[in-house]
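This report refers to the structure that appears directly beneath it.
The values are calculated or read from the model by the stated rules, or taken from the named source; none is laboratory data. This is a predicted model, so every value here is computed, not measured. Reconstructed Cβ throughout: ideal geometry from the backbone, glycine too, with neighbour counts over all protein chains shown. The area values use the complete protein model at the heavy-atom level, side chains included, leaving out ligands, DNA and RNA. Shrake-Rupley method; radii C 1.70, N 1.55, O 1.52, S 1.80 Å.
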Amino acid sequence: MGLPFLDSFSAAAGRGVWHADELGLADAQVVATGHTALDAQLPGGGWPVGAMTELLQAAPEAHVWRLLLPALAQAVQARGGPVVLVGAPYEPCGPSLAAQGLPVEALMWIRSEAPAARLWACEQALRCADIAAVVAWLPQARVGELRRLQLAAAQHEVLLFVCRPESVALSASPARLRIRAGRCEADASQIELHILKRRGPPLATPVMLPARNERMTALLAAARLRRKLRLQQLGTVPAGESATSATVVRIDAWKGGPDALDRLAVVA
């Protein structure tokens, strides 16, 4: 019996072949990052579920919440379980996270300085069916240990984010996706995201994201305005600022009461 002609496989084979010059399709579920510019550069348009995403940063918690908060809030709503934080360097600010959609009761913080204990806790959390996502700070993890976590995430289809120092950017990693995040030197209000590894061609330019979300920016603007009003009442205005640089809207009738300036400000 003769061999089948090669062209008979071309149509079927083409559907399952990824071309390295194209952005790959997701071969599993994804969760939207909540950042449109970043979704456009990720296979499937979001964070991979059941796979490791590695975040590399100079400071251990510099941009973690800014990047992950929208997806973590989605995961909690979808699965109903908690987000496990393994080895977080600082206690999360519960009210701030709750204001952005992630209730504090949905967080489980596992504190440990021992690298082996962090790895064990991370692996056990990944094997728990009720967990919505795992975010782990593992600066000393080795490739074999990371591979074990990757397998555990794949078996139980859990969102897994591992935070490591940017000094390991050139080291091998089993992560499906690797991103280096840092403050933009030219514009401190922006974050630069360098996608080091993805199923797709290298990204020539970084993805730019605002360093703060709109709600936080509004709250900070309100705080600055309140400080300026207080200084004006005292008869002093900070150097470089004028009394006409802001427009104050009367909100006496608003039900927010006397503390409403904390939540509402219109800056000229």
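Things worth noting here:
- Any chance L55 is under 18 Å from L138 (Cα atoms), open to solvent by less than 50 Å² (accessible area, probe 1.4 Å), in contact with a Lys or Arg (Cβ under 9 Å, 6 or more places away or on another chain) and among the hydrophobic types (A, V, I, L, M, F, W, C): yes
- Condition check for A116: surrounded by fewer than 22 Cβ atoms within 10 Å (Cβ to Cβ), touching a His at 6+ places or on another chain (Cβ under 9 Å) and over 12 Å from M52 (Cα atoms): no
- Subset of the range 129-163 that is assigned to a loop (DSSP other than H, G, I, E, B), touching a residue at least 12 places away in the same chain (Cβ under 8 Å) and not aliphatic (A, V, I, L, M) - its residue that is least open to solvent (accessible area, probe 1.4 Å): P139
- Tallying residues that are open to solvent by 70 Å² or more (accessible area, probe 1.4 Å), at pLDDT below 90 and under 16 Å from H35 (Cβ atoms) within the range 184-215 yields 3.
- Here the condition is being outside any helix (DSSP H, G or I), small (G, A, S) and either surrounded by 17 or more Cβ atoms within 10 Å (Cβ to Cβ) or at pLDDT 95 or above (or both); of G24, G44, G2, G50, it holds for G50 alone.
- Any hit, the range 68-85, residues being more than 23 Å from Q124 (Cα to Cα), buried (at least 17 other Cβ atoms within 10 Å of the Cβ), in contact with a strand residue (DSSP E or B) (Cβ under 8 Å, 6 or more places away or on another chain) and at pLDDT below 95: no
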